[in-house]
Every structure is written in structure tokens, then in C-alpha cells.
Ligand code: DX5
Ligand code: ZN
């Protein structure tokens with residue numbers, strides 16, 4: 001079975017000690033770092049910009065940096081995040097007037113491109129662009145905040161997207177974001193996810209190593 005990757009969302013980290021927090025979570029076994037960018041417009045919350053991505057890069061973070069843009073409009077900030085060291089840039093199709101153009105822009109900037117699907121976003125947004133995607137991010141909460149409860153309707157969507165990916169023989173990653181915890185990772189992965197974005201279930205724990213071990217152990221029983 002393909003290794004399930006865990007992307008740690010820094011949204012629930014202690015921002016006063018961000019470099020240290022990220023070092024600790026990587027040391028504990030996180031495969032990637034997920035940076036939630038919110039603009040108080042597309043979503044009600046307001047978080048960080050390219051400076052923070054660049055600061056983590058300068059701090060010496062070597063694992064991939066996944067930038068999840070919850071901003072509208074999207075295009076203007078893409079070159080800045082690419083310059084700041086983003087590996088992957090994911091956006092919400094509702095936030096771009098020209099989805100295909102935005103995907104092209106991300107790739108032209110040298111990054112992997114992804115689409116994030118809100119709980120009510122239909123799969124039809126993947127039509128015609130599947131071959132341009134490195135990742136499909138299934139939101140299992142409404143975007144904007146960490147620490148929300150996993151919406152079970154995401155499971156059906158994950159299964160449908162996994163089917164779509166195999167039908168089209170694409171190599172796109174299928175990531176799930178929102179409310180991912182040790183008690184639901186198994187069903188999320190069984191539904192077809194290969195990447196788990198986890199925020200509060202790691203950063204809300206006293207011991208990150210223990211939290212990541214618990215997540216991985218909940219997966220080991222899988223066939
Ligand atoms: C929500 C963000 C998520 C969030 C996940 O809008 O996209 O990445 O930080 O946090 P948890 O794991 O706490 O739901
Ligand atoms: Zn996110």
C-alpha cells in the first residue's frame with residue numbers, strides 16, 4: 001500500500017514560536033507542512049501571507065510546503081507564494097473567475113497545482129482540469145477555522161473522487177482537510193484518501209510524536 005502522507009496544518013500551532021513548532025512536528029514524523037491562507041473575505045478568518053512561508057523556508061524547513069489559499073481573488077498572490085518557497089498551491093474553484101488560467105499560473109510559477117472542494121462543491125468542477133492537478137483537497141469542514149468536526153458527507157466524495165482518479169488513470173493525490181483525527185483516519189483512508197491534513201489533532205496534543213504515532217497506528221490495521 002502507498003504510504004499515507006500526513007501534512008501538519010500550522011493553523012493550530014503556537015504562532016509566537018512557529019519555527020520551533022514546525023521543527024518539532026517534522027521531527028515527530030509529519031511529511032509535509034500545510035499553510036492555511038485566509039483573507040477575511042473568501043472566509044471569515046484572517047491568517048498569514050507569503051512572508052510566513054518564506055520565513056519557514058529560511059528557517060530551514062526541508063519538507064514540502066503546501067499552501068492552501070482561502071482567498072479571493074486568487075491569482076495576484078500566486079507568484080509571491082511561489083517565490084516564498086511553496087511546493088504546492090491549492091485554491092478553491094469558486095474563488096477564481098478562470099480556474100484553468102489559475103492552474104496554469106501556478107504551474108508556470110514552478111509549483112504543483114491543486115483544487116480544494118468545499119463540502120457543497122460538486123465534482124463537476126474537476127471536469128476538463130483533472131490532468132492539470134497534483135492534488136485534490138477534499139474539505140471535510142467548511143473552510144475558515146481549525147478544530148471543527150469532520151463532516152461525514154466527505155466520505156462519499158472521497159470515494160467518488162478515488163473512482164474518478166482511477167478511471168482516468170491519473171496520479172493526482174487525494175487529500176482530506178478538516179476534523180481529521182485518530183478515530184476517523186481509518187475510514188478516511190479506506191474511502192480512498194492518500195494524504196491527511198491534520199491541525200488540532202497534532203498541535204492540540206502535548207506530545208506531537210505521540211499524536212502522530214496514534215494517527216499512524218490507527219492506520220496500520222489497514223490491508
Ligand atoms: C480549515 C483549514 C484546515 C484546518 C484543519 O479551513 O483548511 O487546514 O487547519 O484543522 P483541523 O485538523 O483542526 O480541522
Ligand atoms: Zn487547509
- [ ] Consider residue 43 carefully, then state whether it is more than 15 Å from ligand 1 (Cβ to nearest atom) and assigned to a loop (DSSP other than H, G, I, E, B).
- [x] no
Task: Those residues of region 186-209 which are away from ligand 2 (no atom under 16 Å from the Cβ), touching a residue at least 40 places away in the same chain (Cβ under 8 Å) and not in a loop (DSSP other than H, G, I, E, B), in sequence order - done: 189, 208, 209
- [ ] Would you check which residues across region 2-33 are within 13 Å of ligand 1 (Cβ to nearest atom), closer than 19 Å to residue 48 by Cβ and not in a helix (DSSP H, G or I) and list them?
- [x] 7, 8, 9, 13, 30, 32, 33
Task: Failed condition for residue 181, given (1) surrounded by fewer than 20 Cβ atoms within 10 Å (Cβ to Cβ); (2) in a helix (DSSP H, G or I) - done: (2)
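Going by the structure shown, is residue 52 touching a strand residue (DSSP E or B) at 6+ places or on another chain (Cβ under 9 Å) and within 16 Å of ligand 1 (Cβ to nearest atom)? If you could, list the steps in order and put the result at the bottom.
Details: touching a strand residue (DSSP E or B) at 6+ places or on another chain (Cβ under 9 Å): yes; within 16 Å of ligand 1 (Cβ to nearest atom): yes.
It is true that residue 52 is touching a strand residue (DSSP E or B) at 6+ places or on another chain (Cβ under 9 Å) and within 16 Å of ligand 1 (Cβ to nearest atom).
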Task: Residue selected from region 129-149 under the condition more than 8 Å from ligand 1 (Cβ to nearest atom) and without any contact (Cβ under 8 Å) to a residue 40 or more places away in the chain, by the criterion nearest to the chain's Cα centre (by Cα) - done: 136
Open item on the list: So residue 98 ticks every box in (1) under 22 Å from residue 13 (Cα atoms); (2) surrounded by fewer than 16 Cβ atoms within 10 Å (Cβ to Cβ) but one. Which box is left unticked?
Closed with: (1)
Task: Any chance residue 140 is modelled with pLDDT of 95 or more, within 16 Å of ligand 2 (Cβ to nearest atom) and more than 16 Å from residue 30 (Cβ to Cβ) - done: yes
Task: Number of positions in region 139-149 that are surrounded by 19 or more Cβ atoms within 10 Å (Cβ to Cβ) and under 11 Å from residue 179 (Cβ atoms) - done: 4
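Only one residue in 69, 56, 77 is within 16 Å of ligand 2 (Cβ to nearest atom), crowded, with 17+ Cβ neighbours inside 10 Å and closer than 30 Å to residue 187 by Cα. Which one? Quick ask: steps written out before the conclusion?
Details: 56 fails: closer than 30 Å to residue 187 by Cα; 77 fails: closer than 30 Å to residue 187 by Cα.
Going through 69, 56, 77 in turn, the sole match is 69.
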Task: Candidates 155, 117 - the one that is within 16 Å of ligand 2 (Cβ to nearest atom) and surrounded by 16 or more Cβ atoms within 10 Å (Cβ to Cβ) - done: 117
Task: region 189-202: number of residues that are in contact with a helix residue (DSSP H, G or I) (Cβ under 7 Å, 6 or more places away or on another chain) and under 11 Å from residue 4 (Cα atoms) - done: 4
- [ ] Count, please, the residues in region 162-183 that happen to be more than 16 Å from ligand 1 (Cβ to nearest atom) and free of Cβ contacts under 8 Å to residues at least 40 places away in the same chain.
- [x] 8
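The values are calculated or read from the model by the stated rules, or taken from the named source; none is laboratory data. For clarity, every value in this text was computed on a predicted model and none was experimentally measured. Using ideal geometry, Cβ is built from the backbone for each residue, glycine included, and neighbour counts are taken over all protein chains shown.
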